[in-house]
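S.K.: Provided herewith is a single structure, encoded as structure tokens, for subsequent inquiry.
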Amino acid sequence: MAALKGNARFAEAADLANRYLMARHDISSPSPYIRGGLAGSWPVWGGYERFRVLSWATKFFSDALLARAGGAPWSIEPKAAQALSTPPPERKGPKC
């Protein structure tokens, strides 16, 4: 969208969405059914796909990260670059 509309705010929004998902992307669970996945809701007991890890959500998240790492069609604005260089906030709530 940033490239299509010529608006860097779309790139910043995509970066913020990726950071949000990175904070909720479970990479430490001992369960192979959960580790690496994204829950359908946050918190996981929320209304949408309650207590489920969604393969398609994880796939689209991976696509977004790969596109960004490989030089997506939008440019990195200074504010977005700073956001990407800082670690995501600590997760609050129960771990899956």
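S.K.: If you scan region 21-49, which residues turn out to be free of Cβ contacts under 8 Å to residues at least 12 places away in the same chain, surrounded by 12 or more Cβ atoms within 10 Å (Cβ to Cβ) and out of contact with any Ser or Thr (no Cβ under 7 Å at 6 or more places or on another chain)?
M.R.: If the condition is that a residue be free of Cβ contacts under 8 Å to residues at least 12 places away in the same chain, surrounded by 12 or more Cβ atoms within 10 Å (Cβ to Cβ) and out of contact with any Ser or Thr (no Cβ under 7 Å at 6 or more places or on another chain), then SER41, GLY46 are the ones that fit.
S.K.: Okay, moving on. Could you check, for region 3-13, whether at least one of its residues is of a type in the set (D, E, K, R), out of contact with any Ser or Thr (no Cβ under 6 Å at 6 or more places or on another chain), at pLDDT 85 or above and exposed (fewer than 14 other Cβ atoms within 10 Å of the Cβ)? Spell out the reasoning first.
M.R.: We begin by selecting, within region 3-13, every residue of a type in the set (D, E, K, R); these are 5, 9, 12.
Subset that is out of contact with any Ser or Thr (no Cβ under 6 Å at 6 or more places or on another chain): 5, 9, 12.
Adding the requirement that they be at pLDDT 85 or above leaves 9, 12.
Add one more test, that the residue is exposed (fewer than 14 other Cβ atoms within 10 Å of the Cβ), and what stays is 9.
Yes, region 3-13 contains at least one residue that is of a type in the set (D, E, K, R), out of contact with any Ser or Thr (no Cβ under 6 Å at 6 or more places or on another chain), at pLDDT 85 or above and exposed (fewer than 14 other Cβ atoms within 10 Å of the Cβ).
S.K.: Please determine, by comparing only the residues of region 16-47 that are in a helix (DSSP H, G or I) and of a type in the set (D, E, K, R), which one is modelled with the highest pLDDT.
M.R.: By that ranking, first place goes to ARG19.
S.K.: Now a separate question. Is region 63-70 home to any residue that is modelled with pLDDT of 90 or more, outside any loop (DSSP other than H, G, I, E, B) and either of a type in the set (Ser, Thr, Tyr) or farther than 20 Å from GLU90 by Cβ (or both)?
M.R.: No, region 63-70 has no match at all.
S.K.: State the number of residues belonging to region 50-59 that are outside any loop (DSSP other than H, G, I, E, B) and either surrounded by 13 or more Cβ atoms within 10 Å (Cβ to Cβ) or modelled with pLDDT of 90 or more (or both).
M.R.: So the count comes out to 3.
The values are calculated or read from the model by the stated rules, or taken from the named source; none is laboratory data. Bear in mind that the values here come from a model prediction, so they are computed numbers and not experimental data. So basically every Cβ, Gly included, is an ideal-geometry build from the backbone, and we count neighbours across all protein chains shown.
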